[in-house]
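Structure first, then comments.
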Amino acid sequence: MIPMKLVVSGPVGAGKTTFVQTLSETPVVSTEAEATEDIGKATTTVAFDFGTLVLDGTELHLYGTPGQDRFDFMWDVLCEGALGLVLLVAGDRPSDFLHARHILEYITSRNPVPFVVGVTRQDLPNVWTPQDIASYFDLPVGQVVGLQATSSDSARQVLIRLLESQLSSKESA
């Protein structure tokens, strides 16, 4: 059976690398490098993060994209043939929401792929809720889920939501 590909994208610091590390059952291949500009952290992903997960006997390849626009060519490369997209947004950083929307529109306009939006940092105070983010992105509430990227159960719920949305869209087609 051919492995399925899941792409995890979003702005810098949204939790992409952590999400892939949390879900992966194998050591994650990471392309972290020292940041050459002020992005609010010392390192950044420059190509992708890669991990694997077996779901119900099927291998799922997890690809975390870079969050900076200068690496947007990787968004296209990684999304080709993807089963789905998880767009992560840090719920405590509304200044990043416009960039997150740009990433989502860029990817889905070039690669029509099913997606869910994951709102990270739900364990912190003053965080936007999934309902708030759904309203901001003009998406159905069911397409947005809150999570803690460091929690395996929480991260798996995002995958379940993505797979459920794909099944319901296929049934209604």
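The values are calculated or read from the model by the stated rules, or taken from the named source; none is laboratory data. This structure is a prediction, so every number in the text was calculated from the model and none was measured. Quick reminder, even Gly has a Cβ in these numbers, built from the backbone with ideal geometry, and neighbours come from all protein chains shown. Calculation scope for accessible area: heavy atoms of the full protein, side chains included, ligands and nucleic acids excluded. Shrake-Rupley method; radii C 1.70, N 1.55, O 1.52, S 1.80 Å.
Listing for the model above:
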{"quantity": "Number of positions in the range 114-136 that are out of contact with any Gly (no Cβ under 6 Å at 6 or more places or on another chain), within 18 Å of Lys16 (Cα to Cα) and assigned to a loop (DSSP other than H, G, I, E, B)", "calculated": "2"}
{"quantity": "Residue count for the range 18-56, restricted to those that are of a type outside the set (Ser, Thr, Tyr), modelled with pLDDT of 85 or more and outside any strand (DSSP E or B)", "calculated": "6"}
{"quantity": "Selected residue [in a helix (DSSP H, G or I), at pLDDT 90 or above and open to solvent by less than 40 Å² (accessible area, probe 1.4 Å)] from Leu104, Leu159, Leu139, Leu98", "calculated": "Leu104"}
{"quantity": "Residues of the range 114-135 classified as more than 10 Å from Asp92 (Cα to Cα) and crowded, with 18+ Cβ neighbours inside 10 Å, total", "calculated": "7"}
{"quantity": "Count of the range 57-74 residues which are farther than 22 Å from Gly146 by Cβ, of a type in the set (S, T, N, Q) and at pLDDT 75 or above", "calculated": "1"}
